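The values are calculated or read from the model by the stated rules, or taken from the named source; none is laboratory data. Everything numeric in this text was worked out from a predicted model, so none of it was measured. Cβ placement follows ideal geometry from the backbone for every residue including glycine, while neighbour counts extend to all protein chains displayed. For the accessible areas, the whole protein counts, side chains as well, though only heavy atoms, and no ligand, DNA or RNA atoms are used. Shrake-Rupley method; radii C 1.70, N 1.55, O 1.52, S 1.80 Å.
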Amino acid sequence: MPRLHFKTALLAAALAFTTQAQASTVTNFVTNGSFENLSGTGLGMNNWNVFTSITGWTTASGAGIELHNGNVAGVNAFDGNVKVELDSHNAHSNSAMIQKLNLAAGKYMLSFAYMGRIAGNPGDTNRIDYSVLGAGLEGTISKSFGAWEIITAMFHTNGNGVTLRFGAGGRQDTLGGYIDSVAITASPVPLPAGLPLLGAALVGLGLARRRTAS
């Protein structure tokens with residue numbers, strides 16, 4: 001029985017080491033990507049309003065960033081309590097918001113949660129355009145009302161500053177698509193070549209100890 005405990009401990013140590021190495025490579029470079037930082041907005045639960053700027057984000061065009069806190073319009077946020085709509089209520093204005101980022105040269109992944117607000121998508125009202133300016137990434141998403149889904153796109157930067165941009169498109173009727181849980185993460189880094197060998201060595205050590213003690 002003690003030999004089994006020793007082998008189990010070695011396997012657990014190898015797994016923990018591998019998991020820690022993988023987790024340490026994941027960083028979201030976007031500030032306030034889920035819009036939960038409501039500092040300075042005064043926005044209460046189950047309420048909404050339009051802002052020219054919020055933590056991490058500024059308005060690039062249009063009336064501003066429309067925040068929905070809680071179950072506004074019968075839809076909960078994908079992550080936490082707050083989601084964004086950019087077909088802003090003020091002046092029936094399609095708006096855009098940006099965040100400037102300094103990223104080291106390399107390959108990255110943009111991801112965000114999206115949901116169309118209007119069934120049938122009349123006049124393309126649910127359209128969201130997204131881009132990473134300075135890295136050549138441009139895309140658009142427009143679907144009928146439904147469940148949240150995750151949109152992903154890869155891009156590469158040479159180390160110069162980039163600008164993350166989201167904007168409403170199509171019909172301006174104050175009822176645009178929702179976005180939430182915005183993230184930019186570095187492309188996964190392969191584990192060190194010796195890491196699998198470490199796990200195998202630890203297992204082998206446990207088996208050798210078991211045979212010696214038999």
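What the table shows:
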{"read-out": "Residues whose placed amide H lies under 5 Å from that of F51, excluding near-sequence neighbours", "value": "I65, E66, L67"}
{"read-out": "Probe 1.4 Å, protein heavy atoms only - accessible area per residue of the range 69-162 in square angstrom", "value": "44"}
{"read-out": "Paramagnetic reach from V75 in the range 115-138 [backbone N under 13 Å; point 7 Å along Cα→Cβ]", "value": "115-122, 125-128"}
{"read-out": "5 angstrom amide H check on L137, placed H, neighbours 5+ away", "value": "V132"}
